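Below: one structure, written as C-alpha cells.
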Amino acid sequence: MPAPNGFDVSCVAHVHSTYSDGTATVPELLAAAAEAGAEAVLLTDHDTLGARADGWEGVHDGVLLLVGTEVSPKQGHYLAFGVDEGIPHAGRTAGEIAAAVRAAGGVGFAAHPFSTGGHMLIAPLARRIVLPHGWPALDDPDGCDGVELWSLTTDAAESWRTPAEAWRWLRDPEAAVALGPPAHHLRRWDALSARWRLPAIGGLDGHAPGLRFRGRVRSPLSHARTFGLLRTHVICPAPVTGDVGHDAALLIDALAAGAAWLTCPFVAPADGARFWAERRDGAIVSMGGEAPAGHTVLRVRLPRVADITLVCGGARLHEARADRVDLDVEGPGVYRVEARVGGRLWMLSNPVHLR
C-alpha cells in the first residue's frame with residue numbers, strides 16, 4: 001500500500017524575536033532557519049503581531065515565516081495562530097482565552113502545558129529557576145485546541161537539578177534531546193487523548209538568551225543550535241506556494257488536524273514519513289484523525305529503517321526494526337508511533353483515534 005500523498009514542511013515552532021523578549025531579529029531567525037534546513041518558522045512573540053504588521057509574514061529565501069502570538073497571562077500561556085489581532089487576556093480564564101482565539105478564527109496550542117516549575121541546588125539552598133506555568137484548562141475539552149507536548153528549553157530547564165546538569169545539557173544538548181520528551185508529558189497526553197482529540201506540536205520556547213556583541217547575538221542556546229534539535233514536521237495536502245494567505249491557512253489547518261510529527265532532525269531527515277489507518281471499507285484515517293473502531297490496518301512508512309514502536313493508550317502494542325509496518329487492529333484505541341535510530345528518538349507521531 002503506497003503512502004498517502006502529502007507535502008512535508010519542517011517547522012521550528014514557538015520562537016521569539018526582538019518584537020518581544022527574544023534577542024534575535026526576524027532576519028536573523030530566518031537566516032538561522034535556512035542554515036539549519038528548516039522550511040518554516042512559527043513565530044510567537046508575547047502578546048504582539050508586530051512582525052506581521054511590519055510585513056514579515058511570508059516566504060523569505062525559501063523559508064516561510066508564519067506569525068502567531070503567545071497570549072501571556074500570569075498563569076499559563078497560549079500559542080495562537082490565524083488571528084488578525086492580539087487576544088486580550090486580562091481577567092480571562094484559560095478556557096475563555098482559548099474560546100477567544102477560536103472566536104477570532106484562530107487555532108491555539110497550550111504552551112508548555114505540563115510545566116511544574118524547576119529547582120536547582122545552589123549551595124546551600126535549592127533555588128527556583130523556572131516558575132510553574134502550565135495550562136490550567138487541560139481537563140476541559142474546550143480548554144485548548146492542542147498542546148505543545150514538548151517545549152524544549154522550558155522542559156530542559158525544569159529538569160536541571162544542579163549547575164553541573166545544566167552545563168552537561170548545554171554542552172551536549174543532542175544527548176539529552178535524543179531521550180525524548182519528559183515521560184510524564186507523554187502519559188498525560190495519552191490519558192487526555194483517550195477522552196478527546198488533542199493535537200500536539202513540539203516547540204523550542206526559543207529566546208536565544210544572551211547578549212548582542214559586535215552585531216551578533218552570543219547565546220548558549222543560539223537559534224543556529226536549537227533549530228536543529230526539534231521540529232514540528234507538518235504534512236500538508238498541498239505545497240507552499242509563496243502566497244501568504246494560502247500558505248498560512250494550509251499550515252494552520254494541518255496543525256489543527258494533528259497532521260504533524262515531532263522530529264529530531266539531527267538524528268535523520270523526516271521527509272516522506274507517513275502514518276495512517278485504513279478501514280475495511282477502504283476509508284483512510286489520516287494521522288491526527290478520528291473514526292469508529294472496527295477492522296483497521298495501521299500503516300507506517302518511514303524514509304529509512306528505524307526501531308518502530310506502535311503505542312496504544314500509553315502501552316507498547318507492537319515493535320519492529322523496519323522502514324514500514326502494517327498492523328491489523330480491531331478494537332478502539334488511540335494509536336501513535338515512536339521511531340528511534342541507534343537508541344535516539346527520531347520521530348513521534350500524532351495519534352490515529354479509533355473510538
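The table for this structure:
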| item | result |
| --- | --- |
| Rg and Dmax [Cα atoms of the chain; Å; Rg one decimal, Dmax integer] | 19.5, 66 |
| Segment 290-306 and segment 8-26: distance between their alpha carbon centers, rounded to Å | 33 Å |
| Listed peptides 47-57, 84-94 by packing density, highest first (mean Cβ within 10 Å) | 47-57, 84-94 |
| Antiparallel DSSP beta bridges within the chain, percent to nearest 5 | 75 percent |
| Rel. contact order, % - alpha carbon contacts under 8 angstrom, at least six apart, segment 262-336 | 28 percent |
| Kirkwood-Stokes translational diffusion coefficient of segment 158-237, alpha-carbon pairs, 37 °C, 0.692 mPa s, µm²/s | 215 µm²/s |
| With every protein chain in place, the chain: carbon and sulfur % of accessible area (1.4 Å) | 55 percent |
| Dimensionless Rg over Rh [segment 1-159; C-alpha; Kirkwood] | 1.01 |
| Most to least packed among 246-254, 72-80 [average Cβ atoms within 10 Å] | 72-80, 246-254 |
| Computed [θ] at 222 nm, deg cm²/dmol, the chain (DSSP H ≥ 4; -39,500 (n - 2.57); rounded to nearest 500) | -6000 deg cm²/dmol |
| Radius 11 Å from Cβ of Gly106, net charge of other residues (Lys, Arg +1; Asp, Glu -1) | -2 |
| Within segment 219-355, percent of DSSP bridges classed antiparallel, to nearest 5 | 95 percent |
| For segment 221-355: accessible area per residue (Å², 1.4 Å) | 37 Å² |
| Global geometry of segment 204-355, whether rounded, prolate or oblate, following the gyration tensor of its Cα atoms and the 1.5 cut on a/c | prolate |
| Quarter of the Cα convex hull surface for segment 194-271, i.e. its orientation-mean projected area (nm²) | 7.8 nm² |
| Net +/- balance of residues flanking Arg274 in space, Cβ distance below 10 Å, scoring K and R +1, D and E -1 | +2 |
| Segment Thr25-Phe7, extension gain: residue separation times 0.36 nm, minus the distance between their alpha carbons | 3.6 nm |
| Linear extension gain, Asp328 paired with Leu179, 0.36 nm per residue minus alpha-carbon span | 50.8 nm |
| Packing-based order for 103-111, 132-140, using average beta carbon neighbours within 10 Å, highest first | 103-111, 132-140 |
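The values are calculated or read from the model by the stated rules, or taken from the named source; none is laboratory data. Just so it is clear, the structure is predicted and the values come from calculations on it, not from any experiment. Note: ideal-geometry Cβ built from the backbone for every residue, glycine included; neighbour counts use all protein chains shown. The accessibility values were calculated without ligands, DNA or RNA, using every heavy atom of the protein model including side chains. Shrake-Rupley method; radii C 1.70, N 1.55, O 1.52, S 1.80 Å.
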